[in-house]
Amino acid sequence: MKRIKNPWEGKENYFCFGCCPDNPSGVHMKFYANGNEVVSVWLPQPQFQGWIDTMHGGIQAVLLDEICAWAVMLKMNTTGVTAEMKTRYRHHISTNDRYLLIRAHVAEVRRNIATVEATISDSSGQLCAQSTCTYFTFTDEKSKEMGYKGLQMEEKEIELADLIKDL
């Protein structure tokens, strides 16, 4: 798989809570293309807990929502906004876990509406949360107006095990 370069990095007024590396309060997600699937490996942290040592459900929703947007960019080469999100929390996530594995893929496209499926699993492989997002996609003109110029990948192939090892 290859790391997806952030198309907005360095853009003025870019402060996305999900993917901006410069937002001090954000979750700083990074994304990798694995065929038609987007993958993110994320380190849970105590400041994102709801209950003691338990990750807040709203933060889980952020992770799922954000990766769904990146799946749309990868599959459809456009941007847009979440129109609906259905999330099922299946198992608690410890903020002390070694890492989380977040995955998403576009399951269906009808005109400018994409249905995206995403999951969060903990480091033991336990499915913790899953979501289906209905995503309203922008025209090419609107995406360009928003500063989107398409996705680029880093050249280097990387293995999931190497991402986890480097946490």
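List of remarks:
- Shown is the FRET efficiency for Gln45 and Ile158, computed with R0 = 22 Å from the Cβ-Cβ distance and rounded to the nearest 0.05: 0.45.
- Selected from Gly125, Gly10, Gly26, residue furthest toward positive end of dipole (the stretch 2-165; charges at beta carbon): Gly125
- Taking other residues whose beta carbon is less than 11 angstrom from the beta carbon of Tyr99, and scoring Lys, Arg as +1 and Asp, Glu as -1, yields -1.
- The residues neighbouring Lys156, those whose beta-carbon lies less than 11 Å from its own, together hold a net charge of -3 under the Lys/Arg +1, Asp/Glu -1 convention.
- Only aspartates and glutamates eight or more places from Lys149 in sequence, or on another chain, were considered; those with a Cα closer than 17 Å are Glu9, Glu12, Asp140, Glu141.
- Subset of Lys86/Lys144; Lys30/Lys142; Lys5/Lys86 violating a 26 Å alpha-carbon distance limit: Lys86/Lys144; Lys5/Lys86
- By average C-beta atoms within 10 angstrom, highest first, the peptides 57-69, 149-161: 57-69, 149-161
- Stretching Asn77 away from Thr54 to a fully extended chain increases their span by 4.8 nm, per 0.36 nm per residue minus the current alpha-carbon distance.
- Relative contact order of the chain, taken over Cα pairs closer than 8 Å and 6 or more residues apart, is 26 percent.
- C-alpha long axis of helix 57-76 to longest principal axis of the chain, angle in °: 30
- Distance (nanometres) between label positions extended 7 Å along Cα→Cβ at Thr132 and Ala107: 0.4
- With K and R counted +1 and D and E -1, the other residues having a Cβ less than 11 Å from that of Asp122 yield a net charge of +1.
Read-outs throughout are calculated quantities, based only on the coordinates presented, and are distinct from any laboratory measurement. In this text, all values refer to a predicted model and were calculated from it rather than measured experimentally. Cβ atoms come from the backbone with ideal geometry, glycine included; neighbour counts cover every protein chain shown.
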